[in-house]
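What follows is a single structure, written as structure tokens, with notes after it.
The values are calculated or read from the model by the stated rules, or taken from the named source; none is laboratory data. This is a predicted model, so every value here is computed, not measured. Cβ coordinates were reconstructed from backbone atoms using ideal geometry, including for glycine residues, and neighbour counts include every protein chain displayed. Each accessible area value is taken on the protein alone, full model and side chains, heavy atoms only, with ligands, DNA and RNA left out. Shrake-Rupley method; radii C 1.70, N 1.55, O 1.52, S 1.80 Å.
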Protein chains: 2
Amino acid sequence: MEEQIKSTHNRSTNKTGIIDCDVHPYPKNKEEIQSYMKQPWRERFNSGGRGHYGNPVHGDRQDAKPPGGGPSGSDPEFLREQHVLKYGIDHCILLPRAFCNLLPDPDFATAVAAAFNDWLADTWLGKYNGDGVFKGSITIAHQDPLAAAAEIRRWAGHPHFVQVMTDSGARAPFGQRQYYPIYEACAEAGLPLAIHPGTDGMGINIQPTPGYPTHYIEWHTCLSLGFQAHLVSFITEGVFERFPGFKVVLVEGGVSWLPALMWRLDAEYKALRYEVPWVKKRPSDYLRDHVRITSQPLERPDNDSHLLQTLEMMDAEHLLMFSSDYPHWDFDSPKLAFPKLPEPLWQRIFKENAKQLYKL
Amino acid sequence: MEEQIKSTHNRSTNKTGIIDCDVHPYPKNKEEIQSYMKQPWRERFNSGGRGHYGNPVHGDRQDAKPPGGGPSGSDPEFLREQHVLKYGIDHCILLPRAFCNLLPDPDFATAVAAAFNDWLADTWLGKYNGDGVFKGSITIAHQDPLAAAAEIRRWAGHPHFVQVMTDSGARAPFGQRQYYPIYEACAEAGLPLAIHPGTDGMGINIQPTPGYPTHYIEWHTCLSLGFQAHLVSFITEGVFERFPGFKVVLVEGGVSWLPALMWRLDAEYKALRYEVPWVKKRPSDYLRDHVRITSQPLERPDNDSHLLQTLEMMDAEHLLMFSSDYPHWDFDSPKLAFPKLPEPLWQRIFKENAKQLYKL
């Protein structure tokens, strides 16, 4: 090596005196740079920790990797065994993670969404779904609302697509008018729109905090803040008055914040309804007809009675639906997620609310 | 007028055929444009509703305008009569609204902050403060942390300045390192830092929602989200470990969101503390030593017991301090803001917590 370097130096005989002020040297691979790093940075450099927020420990349950290979959550038969059969689950609402709504190019984003939908229909909702246990979500790229509406209409009436889904990561609060073609198509198809976190502050999406967080724990904790802003926007913009059949499902954005937010918004409405005359009811009065919220990651205060009180405050009986987030790191087990619930409340949260919403 | 216009036309005799493609016509005054508007836009155009979020009804209590003239809250004697004497208040913690932290130029912002401090020291804390009922806040421009620290040191030891204050509107979450000179100066002077809403998303400040809200009701409701992000940042960045004497007061950002946020952050910490090893305790365990929260605008659910439960969940006994927000539109009266509280809790919230924090 040393010799080769020398010989290359010697080749440089036709000296001109030129100075080039912008040349980029690349490491041969990331290990070259890692060898100059200490832990935990060496390990962090391995994972997705560059340029976006990634779980620095691990993003998936370590026991969820299918024995036949492939990433966690990629083998329908193993998922049936490890999750559906183990807990005796009737239906899993599937939310694939296409990450299309962080892409700058709306045509590309729409193509990614469509490919995910075709794939899900063929596989999980098709050949692996003889008993209909799997119900799917239509992925859309909300950057192009008209294309997203067309994608919804392409699948309307499919027996196993039960909702539309998009990420909470966005460039504008979801009550704003550019999104209305999406809501019109959802209402027309009788499909709720599920909002799921995960691309907030990534790609072209705005970070819904006062500047970018530093750590994953901070970014991930604050995901629930973006959900709150979207919900306030839906209500104050009058979306539920404009599209009376339109429903929203807030997935994986936390639960216990709902009462405080609604108390605050109800009070503001009392003083400021002059500004939003299209909001015909108290803000919190829209929830039962238009909003559902999924349970995971369920907050678990030290004192169980605090959670039970919060479930009462938030009208969990009508608004809350169980979810596990399988196979992610913060999975909630159907057996352990909640403290002991009164049987009728358990029935509503674990079965009835979803049965009614998704017409199962 | 018609004749004059004609004569001006006639003056244009030296025709050249020139076409100028950028000329700006101005209305003589805003009324000229308003005459072409219908309500409510005509009225909105009058107020501060252009370019920032302003209350479209009114920002101040209509009965708080001093009889001798001047804006609400500008006459110490009238404030004493209408507020201090009426409710038998011992001390008012004064938070002037300098709006300096939305200014792009840090030198100008620092000069505005200093002028507000000199004015407050001369007047409200000086010649109008024989009995010491008024206690003040040192305004700082956090855009220039070193200058802000110098401003804090300029007033440290003053008998009537009891805290430092800044707005929640910012370009980075407050746990981040650029702000540390401010926290060092606060800890050194034994002064807590009060954070107050009001310039979020204005001037150079980031809007802490997924894009700009449309209406004041939406923007104002979501102010509490920025507070939550700042608190998560303070804790996860380890500010309270680095500056053990440093305390934060969250003023006017809501109250009832605290339990849900802490439950969520505590759970995240359990799984992700590897990422933030400088956080030595459960996040919620930092609150009692380092964080206080003021009551207004206090959420008021229909069911008083829901609020009382929330006060228990949030450790209101140690964390909550009464505030009225006089003379603003959403003023909370000491007599009406809360439902009937147990006497010891009332004593803590209305007196003891503030006495201890501010050493009154």
Exercise for the section: Within the range B:174-194, identify whether any single residue is open to solvent by 10 Å² or more (accessible area, probe 1.4 Å), more than 21 Å from the chain's Cα centre (by Cα) and within 13 Å of chain A (Cβ to nearest Cβ), and answer yes or no. Expected result: yes
Exercise for the section: Residue by residue through the range B:106-142, note down the ones that are surrounded by fewer than 17 Cβ atoms within 10 Å (Cβ to Cβ) and either more than 30 Å from residue B:173 (Cα to Cα) or over 20 Å from the mean Cα position of the chain (by Cα) (or both). Expected result: B:107, B:122, B:123, B:126, B:127, B:128, B:130, B:131, B:132
Exercise for the section: For the range B:302-328, name all the residues that are in a helix (DSSP H, G or I) and open to solvent by 10 Å² or more (accessible area, probe 1.4 Å). Expected result: B:304, B:305, B:306, B:308, B:309, B:312, B:313, B:317, B:318
Practice task
Using the structure shown, decide if residue A:340 is exposed (fewer than 15 other Cβ atoms within 10 Å of the Cβ) and within 30 Å of residue A:73 (Cβ to Cβ).
Solution key: yes
Practice task
Determine whether the range A:169-180 contains at least one residue that is farther than 21 Å from residue B:215 by Cα and in contact with a His (Cβ under 8 Å, 6 or more places away or on another chain).
Solution key: no
Problem - All positions within the range B:156-168 that are over 30 Å from residue B:212 (Cα atoms) and surrounded by 20 or more Cβ atoms within 10 Å (Cβ to Cβ) - result: B:161, B:162, B:163
Exercise for the section: Identify the residue in the range B:1-55 that is within 26 Å of residue B:102 (Cβ to Cβ) and among the basic types (Lys, Arg) and, among all such residues, is modelled with the highest pLDDT. Expected result: B:30
Fill in the blank from the handout: Those residues of the range A:159-173 which are assigned to a strand (DSSP E or B) and within 14 Å of another protein chain (Cβ to nearest Cβ) amount to A:166, A:167
Handout entry: Output for the range B:329-352, where each listed residue is closer than 14 Å to residue B:298 by Cβ and not in a loop (DSSP other than H, G, I, E, B)
Key = B:345, B:346, B:349, B:350
Practice task
Please note which helices (runs of 4 or more DSSP H) are completely contained in the range A:228-301 and include at least 3 residues that are away from every other protein chain (no Cβ under 12 Å), of a type in the set (A, V, I, L, M) and open to solvent by 10 Å² or more (accessible area, probe 1.4 Å).
Solution key: none
Problem - When residues of the range B:196-217 are limited to those that are facing another protein chain (nearest Cβ under 8 Å) and not in a loop (DSSP other than H, G, I, E, B), the one surrounded by the fewest Cβ atoms within 10 Å (Cβ to Cβ) - result: B:216
